[in-house]
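Working notes, structure below.
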Amino acid sequence: MEAASEELYEQLEFRENPLYEKIISDLLENQYSVIDSFFDEDEVEALRNSLLNKYTEDNFKKAAIGNRTNEVIAKSVRGDFIMWINEAEAGDAEKLFFNKINALVDYLNKTCFLGILTKEFHYALYPEETFYKRHLDTFQNDGRRKLSMVCYLNQEDWRPENGGELVIYKDENGVETSKSIFPFPGRMVIFESQVLEHEVKPVKQERLSITGWLKTR
């Protein structure tokens, strides 16, 4: 009886979030969503500074191919450096990040019943002339990734000619189409991990982001 009362209370307290509803609508229609200014300028600056400080302290490692049980470093495929973010040990900037992500996850689970139970995120830094070739964000021995997310932390003056765009590939009634998404600061991209192949084009200026996955059981 008490559990039923709590559930009813949660339903009565529910407030529709227009931003989250747009993300849901985009995912249903296009399998991806692009949200500008998901993080504001101050939030981007705090996260960018945290990333750069940790990179300077040599906390990053060369990114690899495959999951953590089968990693193979391959410069011909990807060139970024990463550092996994532990939510339990998060600093102020990272707590800010996870607060926003957790609010989105809670909303998705309540409205779409996605069953997202865990998440994993890492900082990513692409030096000049690096890239990540076309791939799918899922593994043969681990299909838990449901949604992929990228949050860009580049400088405010980032220009399209700096490269580093994310290209998403889709099958439209048997015809392949592509969408190029530039890594402007504060922008978030979220897409279906097991459906959409994608790549990061070569960068001409250092490219900064947080990348991660929302995972089911």
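The values are calculated or read from the model by the stated rules, or taken from the named source; none is laboratory data. This structure is a prediction, so every number in the text was calculated from the model and none was measured. Backbone-built Cβ (ideal geometry, glycine too); neighbour counts: all protein chains shown. Heads up: the accessible areas ignore ligands, DNA and RNA and are worked out on the full protein's heavy atoms, side chains in. Shrake-Rupley method; radii C 1.70, N 1.55, O 1.52, S 1.80 Å.
Values computed for the structure shown
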read-out	value
Count - residues of the range 153-190 that are charged (D, E, K, R), crowded, with 17+ Cβ neighbours inside 10 Å and in a loop (DSSP other than H, G, I, E, B)	2
When residues of the range 187-217 are limited to those that are modelled with pLDDT of 95 or more and of a type in the set (V, I, T), the one nearest to the chain's Cα centre (by Cα)	T211
Those residues of the range 181-217 which are farther than 15 Å from R159 by Cα and of a type in the set (F, W, Y), in sequence order	F191, W213
Subset of the range 172-186 that is of a type in the set (G, A, S) and under 22 Å from D36 (Cα atoms) - its residue that is farthest from the chain's Cα centre (by Cα)	S178
Residue that is nearest to L47 (Cα to Cα) [pool: residues in the range 102-123 that are assigned to a strand (DSSP E or B) and open to solvent by 40 Å² or more (accessible area, probe 1.4 Å)]	K119
When residues of the range 79-101 are limited to those that are in contact with a Leu (Cβ under 8 Å, 6 or more places away or on another chain) and either of a type in the set (D, E, K, R) or over 22 Å from G164 (Cα atoms) (or both), the one most open to solvent (accessible area, probe 1.4 Å)	L96
